[in-house]
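J.: This is the structure, below, for whatever I ask next.
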Amino acid sequence: MTGKSATEGFGMEAEEVSAAPRKPDEDRDLVALAQSGDTKAFDELVRKHSTKLYSLVYNMTSNHEDTNDLLQDIFAKAYRSLKRFQGKSAFYTWIYSIAVNMTLNFLKKRNRQRKFSLDDVDQNIQNDADFIEQTSKTDPVKEVNILELQQRLNAAMQTLSDDHRAVVTMFDIMGMPHNQISEILGVSPGTVRSRLFYAHRQLQNYLEEFRR
């Protein structure tokens with residue numbers, strides 16, 4: 001995970017939540033064009049937010065195929081619902097709320113259908129070009145240790161509940177502040193902080209053996 005250290009101490013259609021004061025929505029003009037029927041404007045919104053949304057969904061599901069399928073559904077739902085978006089929150093808050101809610105619903109359905117095995121966690125780090133380049137000149141022992149750490153981090157994330165994994169993904173991996181996560185999830189900042197505290201403690205306990 002990147003950003004702050006992990007060891008430091010929904011269901012229905014996404015609702016818009018207000019936060020004051022907040023910065024003007026930089027997507028406002030594109031949203032207005034898209035609401036008037038300009039499909040190119042919506043395509044630009046998709047292009048602008050797809051990378052971060054992919055990271056958000058992937059770090060919650062740990063599966064690239066599921067992430068790709070979910071992103072298609074997320075953007076399709078956002079497009080269908082766009083005319084009802086009234087700008088009471090920033091566009092990114094609104095679409096991130098849709099993404100988190102849909103991903104949490106997917107995870108609950110997946111967990112009901114089958115017991116999720118840690119063997120299903122996507123370990124594509126092994127095939128990542130940057131990872132290969134950075135480790136190709138290192139000794140084999142160090143390369144194995146780096147890969148093992150990545151695998152343990154992925155496995156540790158899967159031990160968290162879906163709701164706790166969501167806040168860790170947004171805070172530690174995406175670098176979102178508490179108040180932004182609060183807006184997206186529709187919960188109080190205090191709830192966000194308490195979920196993070198519990199999740200960080202659980203991750204720390206899980207990884208303690210590896211750190212010795």
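Only the coordinates and a few stated rules stand behind these numbers; no lab work does. Here the structure is a predicted model, which is why all the values come from computation and not from measurement. When we count neighbours, we look across all protein chains shown, and the Cβ atoms used for this are built from the backbone with ideal geometry, even at glycine.
J.: Which order do the peptides 89-102, 61-74, 32-45 come out in when sorted by mean C-beta neighbours inside 10 angstrom, highest first? Before the final figure, lay out the partial values.
T.: Working: 89-102: 22.8, 61-74: 17.4, 32-45: 14.5.
For the peptides 89-102, 61-74, 32-45, the packing ranking is 89-102, 61-74, 32-45.
J.: Please pull out the direction-averaged projected area of region 25-116, using the convex hull of its alpha-carbon atoms, in nm² to one decimal place. Please report the intermediate quantities before stating the final value.
T.: On the way: hull surface 23.6 nm².
Average of the hull's projected areas for region 25-116 equals 5.9 nm².
J.: Enumerate lysine pairs in region 25-116 that are 8 or more residues apart or on different chains, then count those whose Cα atoms are under 22 Å apart.
T.: Lysine pair count for region 25-116: 12.
J.: By what distance, in whole Å, do the Cα atoms of region 159-212 stretch along each of the three principal axes, largest value first?
T.: Taking max minus min along each principal axis of the Cα atoms, region 159-212 gives 38, 17, 16 Å.
J.: Sticking with this one: If I model a spin label as a point 7 Å beyond the Cα along the Cα-Cβ vector, how far apart are those points for Asn105 and Ser188 in nm?
T.: Each label point lies 7 Å from its Cα, and together they span 2.7 nm.
J.: Please name which of Leu71, Ser50, Met102 has its Cα lying farthest along the dipole of region 25-116 towards the positive end, using unit charges on Cβ (Lys, Arg +1; Asp, Glu -1) and the Cα centre as origin.
T.: Ranked along the dipole, the leading option is Met102.
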